[in-house]
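Data block below; observations after.
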Amino acid sequence: MKLSSSGLRRLLSPAVVLVLVDALALYAAFYLAVFMRLGLDLESVRASIGPLTPRAVTFAAWVLLGLLSMGLYRARQRPTAEEAIVRVILGVALGAAGNIVFFYLIPSLTLGRGILFIGLAIASLLLVGARLGILRALDANPIKRRVLVIGVGDTAEKLRLRRRADRRGFDIVAFVAMSDQERRRAEELGGAGVVSLDEAESLRHLDEIVVALDDRRGSLPLDFLLRQKKLGVPVSDVVDFLERETERLDLDILRPSWLLYEKSSQDGMVYHFIKRLFDVVFSAALLIACLPVFLAVAIAIWFEDGLTAPLFYRQQRVGKNGTTIRLRKFRSMRVDAERHSGPRFASSDDDRVTRVGRIIRRFRIDELPQLLNVIQGGMSIVGPRPERPKFVEELSRQIPLYFYRHGVRPGLTGWAQLNYPYGSSLADGREKLAYDLYYIKNASITMDMLILLQTLEVVVWGHGTSMSGGSGQWSPERPGEDAQLPDRAAGGSRKQDVGVALKAELKSGQDDPWR
């Protein structure tokens, strides 16, 4: 069956393109290493080490997993060149470790050390070269999905994502004003790229239509949407579109009824059984493996604070359905940390943290005792991070839907931890809730495995890196990344660009209003 250009644009997401390019590079590296080591005679090569295809697949798979754990397949990543190089090297190193263990367990698929390390060296060079070019190519992606937005108000404005990394998968063709008054108002605010419904009929090759009206009562263009849907153009709600593109739920436009009628894996008994089984087995295995780490941390804490100093810190946190759990952590702050200030949010440069505490917090070692909470059933490996009752009370009072995050067990790691740094304010709590709600809605065993694997990135690299997509807000820490700033004027410049492209298209489509 012939794949249309529209279908191709929907299929080739940034993450898919990155995986395909890396897989090809790894296959090339494997075969180059084999031929450099053993010669070009395929028969003698097969006689020496056996069939090449299963070995190539194994080699590539482990390196791809290593790259995944370093956050290199996030669709909205925006690394510096230096960061991309380091992450690729670390990912290849993890892939090397995986290959070595695998070949030890299944010696019939072994490669030999020479081929393995030559292949890894070639792979590092190819992957670094591809990585430095592919993200730039994706920013100028000629096969982005063409999206038409119904609406020009504040809700539609949400679709003007600030960063290029957030817009890699789509281009907004136009915004449709539902009345002359709406159009005039939008154009007064710099609204080139705004068209009427009749003009929208002339637009060709649309890949998606997003309904983003401030008020749908009496203004939803149902006939137009049904005609486009009949032609094969998907129609999405703005909440669903932003959820898919930003991997979070926008609380400003999220309606409680939307969560009420949505189904997720959290409702399934099979998911709960598998998740709980994994929690217990994984926690027990990790506890045993980390016993030497526990001993080293204990010695370090006692060395800094004395033998009488407590090793662990127990604290009340809010668990599933609002129940209270006693959280265990290695003590990383002074014993009298809250004697005078009382409970307050932790921050990345908190002056209450000890020298040892700064190290174990940096690599998340202080969280390891929470594995006992997981085994006891108060927590899960993956889920929203538990907060203190005082903070939950304050945040629930000021942030709508905050209580909803307590419908699942809190986790040792979570989607918000991969995408957002330490929270130390009401705004941070709100932003983290957007990611927590996304996880609760989309939770699955596959997603849990991906979060757990990518947690290694957080441990190695820390929070708030450029690999995380963030919230789509402009950041003053990276002012040169995009020409758009978070104000109306910047939005207007984006509209101007859309408007220029529209003029020719509207003119060419006059004779064919259906497509």
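Please indicate, with yes or no, whether at least one residue in segment 225-232 is surrounded by 15 or more Cβ atoms within 10 Å (Cβ to Cβ) and either modelled with pLDDT under 90 or not assigned by TED's automatic domain parsing to the domain that holds Ser380 (or both).
yes
Could you look through segment 3-45, keep only residues that are in a helix (DSSP H, G or I) and exposed (fewer than 13 other Cβ atoms within 10 Å of the Cβ), and pick out the one that is modelled with the highest pLDDT?
Top of the filtered list is Leu20.
State all residues of segment 416-445 that are touching a residue at least 40 places away in the same chain (Cβ under 8 Å) and of a type in the set (A, V, I, L, M, F, W, C); if no residue qualifies, say none.
Leu418, Leu433, Ala434, Leu437, Ile440, Ala443, Ile445
Check segment 70-80 and report whether any residue there is part of a helix (DSSP H, G or I) and of a type in the set (Gly, Ala, Ser).
no
Could you check segment 291-325 and list, in sequence order, the residues that are modelled with pLDDT of 90 or more, surrounded by 16 or more Cβ atoms within 10 Å (Cβ to Cβ) and within 18 Å of Leu412 (Cβ to Cβ)?
Val297, Arg317, Val318, Gly319, Lys320, Ile325
Pairs, please: C-beta under 6 Å, at least 6 apart or cross-chain, first residue within 10 Å of Ala130 (Cβ to Cβ) and in segment 1-27, second modelled with pLDDT under 90?
Close Cβ pairs satisfying both conditions: Leu18/Tyr73; Val21/Ala130; Val21/Ile134; Ala25/Ala130.
Would you confirm whether or not segment 341-353 contains a residue that is basic (Lys, Arg), on the phi < 0 side of the Ramachandran plot, at pLDDT 90 or above and in the same structural domain as Phe273 (by TED's automatic domain parsing)?
no
Hey, can you tell me all the residues within segment 379-393 that are of a type outside the set (Ser, Thr, Tyr) and over 20 Å from Phe294 (Cβ atoms)?
The answer is Val382, Gly383, Pro384, Arg385, Pro386, Glu387, Arg388, Pro389, Lys390, Phe391, Val392, Glu393.
Does Ala137 fit the bill of being hydrophobic (A, V, I, L, M, F, W, C), more than 20 Å from Ala28 (Cα to Cα) and under 29 Å from the mean Cα position of the chain (by Cα)?
yes
Checking the structure you have, find out if any residue of segment 408-429 is of a type in the set (D, E, K, R), modelled with pLDDT under 90, in the same structural domain as Ile440 (by TED's automatic domain parsing) and not in a loop (DSSP other than H, G, I, E, B). Working first, answer last.
Of all residues in segment 408-429, those of a type in the set (D, E, K, R) come to 409, 428.
In the following step, the residues that additionally are modelled with pLDDT under 90 were identified as 428.
Next, only the ones that are in the same structural domain as Ile440 (by TED's automatic domain parsing) stay: 428.
Checking which are not in a loop (DSSP other than H, G, I, E, B) leaves us with 428.
Looking for residues that are of a type in the set (D, E, K, R), modelled with pLDDT under 90, in the same structural domain as Ile440 (by TED's automatic domain parsing) and not in a loop (DSSP other than H, G, I, E, B), one finds at least one in segment 408-429, hence yes.
Report, ordered by the first and then the second residue, all pairs with beta carbons closer than 9 Å, sequence separation of six or more or different chains, a first member in segment 378-405 that is closer than 15 Å to Asp279 by Cα and modelled with pLDDT under 90, and a second member that is surrounded by fewer than 19 Cβ atoms within 10 Å (Cβ to Cβ) and among the hydrophobic types (A, V, I, L, M, F, W, C).
Matching pairs, first to second residue: none at all.
Looking only at segment 127-155, count every residue that is touching a Leu at 6+ places or on another chain (Cβ under 8 Å) and either more than 18 Å from Val16 (Cα to Cα) or at pLDDT 80 or above (or both) and tell me the total.
10
Consider segment 46-57. How many of its residues are among the basic types (Lys, Arg) and either at pLDDT 90 or above or not in a helix (DSSP H, G or I) (or both)?
Residues flagged as among the basic types (Lys, Arg) and either at pLDDT 90 or above or not in a helix (DSSP H, G or I) (or both) within segment 46-57 amount to 1.
Which pairs do you get when a residue that is closer than 15 Å to Ala96 by Cα, found in segment 117-133, comes within reach of a residue that is basic (Lys, Arg) and surrounded by 14 or more Cβ atoms within 10 Å (Cβ to Cβ), reach meaning Cβ atoms under 8 angstrom, with the pair 6+ apart or on two chains?
Going by the 8 Å Cβ cut-off, the qualifying pairs are Ile118/Arg37.
The values are calculated or read from the model by the stated rules, or taken from the named source; none is laboratory data. This one's a predicted model, so the numbers in the text were calculated from it and none came from an experiment. Cβ atoms come from the backbone with ideal geometry, glycine included; neighbour counts cover every protein chain shown.
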